[in-house]
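Just so it is clear, none of the values below were taken in a lab; they were calculated from the coordinates. Small disclaimer: the values here were computed from a predicted structure and weren't measured. Here the Cβ positions follow ideal geometry from the backbone for every residue, glycine too, while neighbour counts run over all protein chains shown.
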């Protein structure tokens, strides 16, 4: 395992080292110490390496991740795992705004709470939040799964497309075109797999599923007030 100490190594040098290793598909393991809340850490990784960050991070940690595993042993600032393609990002603490935004694939596992706009415009990513999420989460979410073990804030799933939302707690309000839907056997199986993979202490049967009512796909004058 290679240790990168940001008390003596610049962010640019850290990211260059990680990106070079990931492009070589080396399966190496790295530990970053003294991260000091730096922004854009471990971004643009393009291969199966493992990165453990010993502390909290700033904006856009693990953005554009592909195939790598990034483990934040602290909390993460806005945009963690933004535009993620594959791999796994684990946040032991809380995540700030728009966690997993526009994510196309992979798994984002947030052990604490997530702030507003979690999963905004998600396009295939799986996001599991062990705590609560803030308002406007899954806004314009197109594909993927958002699992929330706690509560959800206002306007959940506003202008939703085909992403699935599973919430165990209460939902303050649903956004435009988002409705509660039937939990079928295939959804219970999918949820059981995600809960198992993220070490979540919950039963699939305790969740409700939310999805798109599909009324806003095309403009309809009868629904003009909902746009």
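Things to note:
- Degrees, to the nearest 10: 185-197 long Cα axis against longest axis of the chain: 20 degrees
- With eigenvalues of the C-alpha gyration tensor scaled by 5 and rooted, the chain, Å: 33, 17, 15
- With Cα atoms, 0 to 90° folded angle of helix 11-23 axis to the chain main axis: 80 degrees
- Its relative contact order, with pairs defined as Cα atoms under 8 Å and 6+ residues apart, puts segment 50-202 at 13 percent.
- Scoring 175-186, 202-213 by mean Cβ neighbours within 10 Å over their residues and listing the highest first yields 202-213, 175-186.
- Extended-chain gain in nm, criterion 0.36 nm per residue less alpha-carbon gap, residue 180 and residue 3: 59.0 nm
- Helical mean residue ellipticity (222 nm; -39500 (n - 2.57) per DSSP H run of 4+; nearest 500) of the chain: -3500 deg cm²/dmol
- Full-extension gain in nm, residue 215 to residue 26, via 0.36 nm per residue minus C-alpha separation: 63.3 nm
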